[in-house]
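Have a look at the structure below before the remarks.
The values are calculated or read from the model by the stated rules, or taken from the named source; none is laboratory data. Fair warning: this is a prediction, and the values are worked out from it, not measured in the lab. Note: ideal-geometry Cβ built from the backbone for every residue, glycine included; neighbour counts use all protein chains shown. Accessible surface areas use protein heavy atoms only, side chains included; no ligands, DNA or RNA. Shrake-Rupley method; radii C 1.70, N 1.55, O 1.52, S 1.80 Å.
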Amino acid sequence: MLENHQIELLKTLSNLVGVSGHEEQILQFVSEQLPFCTKKQDKLGSGLFSLGEGDLSIMFATHMDEVGFVVSSINERGYVSIQPVGNMWAHTLLQQLVTITTSDGRQWTGIIGGPQTHAISPEARKKVVAMEELFIDLGVDSRESIQEMGIEVGDVVSLVSTCQTIGLNQEYMIGKALDNRVSVSLGIWLMQALEHQNLSKRVTLATTIQEEVGLRGARTTAFQEKPLVAFAVDTTLAGDTPANQNHTKLGKGVSLTAIDNMTVTNRGLLIYLENLCKKHQIPYQIGCFTKGGTDAGNIYKSETGILATTLSIPIRYMHTHQSIVHLGDVEATLRLMCAICEDLTMEKYHQILEYNYQYGMEE
């Protein structure tokens with residue numbers, strides 16, 4: 001199982017603010033944890049933390065950003081209208097706490113307001129309030145008060161939640177932004193595990209920006225690092241509740257992506273990962289999704305094509321104030337990441353390509 005200091009690091013990352021386009025706190029935190037790595041930053045703001053040298057280069061991409069909002073307008077009564085950054089469902093947002101961070105760093109707590117229960121008709125109760133109708137109530141009564149608080153159009157609005165472990169054996173974790181701070185944590189732990197190893201290959205952790213709004217950091221880091229093999233490490237929708245049904249479940253291990261809306265995994269790479277999990281007795285699942293994608297969707301289309309796929313942690317209630325992951329799945333993913341770094345060689349890289357048949361073409 002994960003150690004206490006690892007769980008505390010994940011809690012810290014979950015609670016930090018890092019809405020897409022505002023990932024500075026996350027990048028600074030990662031940098032502080034990895035002083036032993038060679039560090040670079042692309043022009044969009046993604047971080048690259050590397051160890052080792054060699055012909056084989058492996059990149060693990062973990063996006064830093066979370067869904068949230070920006071202030072879009074302020075009315076005369078001091079109510080703040082908001083525009084979503086990333087994909088959210090308004091049904092989950094009413095009367096939930098948020099924090100507005102001003103340009104000078106001040107933070108103000110409010111709630112996302114909407115119609116009151118006793119003031120709506122039975123017909124209205126059956127409908128979801130439109131996203132554009134949401135507003136933030138900050139406990140003020142005028143635009144002038146908002147101005148005194150330093151709040152302006154364009155300020156970032158983040159979800160508020162306290163990350164904690166839950167359940168009979170405290171094996172589940174609940175909190176905001178576990179998509180994808182759980183994977184950022186995994187990236188930190190991986191590089192820490194590799195610190196004192198005599199690597200004959202180059203391993204890079206890419207902490208990418210703006211995944212939730214278009215996989216943007218994935219493209220620029222892939223072009224800057226030019227890895228031979230890349231793994232996006234992300235979360236994936238679990239279907240083990242009465243409200244959502246699919247074959248991916250919490251507590252059943254790391255999810256290996258066969259296909260999603262943006263990527264069809266190289267068959268040889270998928271076989272390699274399955275065999276590696278079996279060899280090390282790492283619990284795993286196979287993920288097949290027709291909606292959604294990860295940083296791998298932009299990475300594998302970069303350069304002249306990069307061998308890439310996604311390693312995922314199943315998650316419930318993604319893109320809400322309170323998402324849930326299983327710590328056993330997190331541990332399984334870390335074990336697989338470490339096994340990849342230990343096992344993969346240039347010879348095996350070429351074998352993986354051959355297993356995918358190369359579409360019958362010969363050089």
Quiz item: Failed condition for ILE151, given (1) open to solvent by 50 Å² or more (accessible area, probe 1.4 Å); (2) in a loop (DSSP other than H, G, I, E, B), with all others met?
Solution: (1)
Quiz item: Just wondering, is there one or more residues in the range 242-256 that are under 30 Å from GLU24 (Cβ atoms), open to solvent by 10 Å² or more (accessible area, probe 1.4 Å), in contact with a Leu (Cβ under 9 Å, 6 or more places away or on another chain) and among the β-branched types (Val, Ile, Thr)?
Solution: no
Exercise. Provide a single number: the residues in the range 186-214 that are in a loop (DSSP other than H, G, I, E, B), of a type outside the set (Val, Ile, Thr) and surrounded by 22 or more Cβ atoms within 10 Å (Cβ to Cβ).
Key: 3
Practice problem: Read through the list (1) acidic (Asp, Glu); (2) buried (at least 21 other Cβ atoms within 10 Å of the Cβ); (3) over 15 Å from the mean Cα position of the chain (by Cα), then give the number of the only condition that GLU66 fails. | Solution: (3)
Practice problem: Kindly indicate whether THR207 is within 28 Å of VAL157 (Cα to Cα) and of a type in the set (Val, Ile, Thr). | Solution: yes
Quiz prompt | Lone qualifier among SER103, SER14 - being open to solvent by 40 Å² or more (accessible area, probe 1.4 Å), out of contact with any His (no Cβ under 9 Å at 6 or more places or on another chain) and small (Gly, Ala, Ser) | solution = SER103
Exercise. Working only within the range 17-37, note down all residues that are surrounded by fewer than 21 Cβ atoms within 10 Å (Cβ to Cβ) and among the acidic types (Asp, Glu).
Key: GLU24, GLU32
Exercise. Kindly provide the set of residues from the range 229-249 that are part of a strand (DSSP E or B) and either at pLDDT 95 or above or closer than 26 Å to ASN298 by Cα (or both), ordered by number.
Key: VAL229, ALA230, PHE231, ALA232, VAL233, ASP234, THR235, THR236, LEU237
Quiz item: Of all residues in the range 112-127, which are out of contact with any Leu (no Cβ under 6 Å at 6 or more places or on another chain) and surrounded by 13 or more Cβ atoms within 10 Å (Cβ to Cβ)?
Solution: GLY113, PRO115, ILE120
